[in-house]
Amino acid sequence: MKNDTILLGHGSGGKLSHDLIDSIFLKYFDNDYLRQQTDSAILDTGGKKIAYTTDSFVVDPIFFPGGNIGKLAIAGTVNDLAVSGATPKYMSCGFIIEEGFSLKDLELIAKTMADEARKAGVMLVTGDTKVVDRGKCDKVYINTSGIGVIGEEYLGISTAKNIEEGDKIIINGSIGDHGMAVMAARNDLNIRADIKSDCACLNTMISEVLNTGCKVKFMRDATRGGIGTVLSELAKSKNVGIHINETELPLDDGVKGMCELLGFDPLYVANEGKVVFVVSQDDADKVLTVLKKNEHGGNSSVIGEISSSHPGSSWLETVVGGKRIIDMLSGQQLPRIC
């Protein structure tokens, strides 16, 4: 690490985040489960497999078009379990609340969490509350953990151990919606945009895909760092080539315009309702059909494939016919986006 202090970029989910994990957390906490660096740890409990995950939410502002910090906390944890192939079952939630925070706002956040958990079929079974002095945190922070059950047939999904040349890469809709919705809601930018966060629990949609029996080789929700970081991580970790076609990337016009205005690359803008699927080329059409029937997959698209060329790197074929490398996000595009 070249820096001796924490930067905002260390929370980006990109290269600085990985450097921080490798140089400090893996250095001291290293074990077989943690070394996988998957969204959920797959644990063996007396012969039965469970998925276990945890996350913290510090989004600013806490209310944004399409959701709030409470909806984000439930969806983020449910999706981390679901993309591992698990069925989410139980959650914990911990609140760190600033003195002076509105009880009305806290009740609305709690109600939203309860509603989302009910829709997702999960139960909030334990939690904790701490209150800190005024000015010692920004309104409210939420930490959640989740437990799900996973079948033997899905154990390889989180590690992508079965991916191979020719597998197709699918995204279930437009990218960058969440990041741009949160940015538009920040008062200091004074931007008006008709963009809503895609924040949603995707476990039902994912289970519909898995229940078809199609060969799903890998899933990852593209949150911090966007789909660009997910694809770069996958290419590097499995030493495969990834080719993406820019013309096939679903992108809302409002998101595209805002990214151009602010100088952001939508590949690296956060999502909270998008999953990157890698599926067998023989099953891609069937998976796409199932996704398009779900409310969260209407704009699903096959965006690329796994290739034997350029192993270890991910490439984008641009709309003008050129190519560029999709590398891991090296800095911090949007701080406190989730």
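The values are calculated or read from the model by the stated rules, or taken from the named source; none is laboratory data. Quantities reported herein were computed from a predicted structural model and do not represent experimental measurements. Cβ: placed from backbone, ideal geometry, glycine included. Neighbour counts: every protein chain shown.
Values computed for the structure shown
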quantity: Residues of region 256-288 that turn out to be over 17 Å from the mean Cα position of the chain (by Cα), surrounded by 22 or more Cβ atoms within 10 Å (Cβ to Cβ) and modelled with pLDDT of 95 or more, as a count; calculated: 2
quantity: Asp80 vs. criteria acidic (Asp, Glu), part of a loop (DSSP other than H, G, I, E, B) and touching a strand residue (DSSP E or B) at 6+ places or on another chain (Cβ under 8 Å); calculated: no
quantity: Odd one out for Pro88, checked against (1) in contact with a Phe, Trp or Tyr (Cβ under 9 Å, 6 or more places away or on another chain); (2) buried (at least 23 other Cβ atoms within 10 Å of the Cβ); calculated: (1)
quantity: Matching residues, region 128-154, being of a type in the set (A, V, I, L, M) and over 26 Å from the mean Cα position of the chain (by Cα); calculated: Val131, Val132
quantity: Within region 63-77, considering residues that are buried (at least 24 other Cβ atoms within 10 Å of the Cβ) and not in a helix (DSSP H, G or I), the one nearest to the chain's Cα centre (by Cα); calculated: Gly67
quantity: Hits in region 303-338 - residues which are surrounded by 15 or more Cβ atoms within 10 Å (Cβ to Cβ), of a type in the set (A, V, I, L, M) and touching a helix residue (DSSP H, G or I) at 6+ places or on another chain (Cβ under 6 Å); calculated: Ile303, Leu316, Ile326, Met328, Leu329, Leu334, Ile337
quantity: Any helices (runs of 4 or more DSSP H) falling wholly within region 1-55 and containing at least 2 residues that are surrounded by 12 or more Cβ atoms within 10 Å (Cβ to Cβ); calculated: 15-20, 32-35
quantity: Top-ranked residue in region 168-218 [being part of a loop (DSSP other than H, G, I, E, B), of a type in the set (Val, Ile, Thr) and modelled with pLDDT of 95 or more; ranked as nearest to the chain's Cα centre (by Cα)]; calculated: Ile175
quantity: Residue within region 324-337 that is more than 18 Å from the chain's Cα centre (by Cα) and not in a loop (DSSP other than H, G, I, E, B) present; calculated: yes
quantity: Cross-chain or 6+ apart pairs with Cβ under 7 Å, region 274-300 first and in the same structural domain as Cys199 (by TED's automatic domain parsing), then modelled with pLDDT of 95 or more and aromatic (Phe, Trp, Tyr); calculated: Val278/Phe218; Val287/Phe277
quantity: Selection from region 224-248 of residues that are in a helix (DSSP H, G or I) and either within 19 Å of the chain's Cα centre (by Cα) or surrounded by 22 or more Cβ atoms within 10 Å (Cβ to Cβ) (or both); calculated: Gly226, Ile227, Gly228, Thr229, Val230, Leu231, Ser232, Glu233, Leu234, Ala235, Lys236, Ser237
quantity: Some residue of region 168-185 being over 25 Å from Val278 (Cβ atoms), in the same structural domain as Lys48 (by TED's automatic domain parsing) and surrounded by fewer than 22 Cβ atoms within 10 Å (Cβ to Cβ); calculated: no
quantity: Residues of region 248-280 classified as farther than 22 Å from Met219 by Cα and in contact with an Asp or Glu (Cβ under 8 Å, 6 or more places away or on another chain), total; calculated: 4
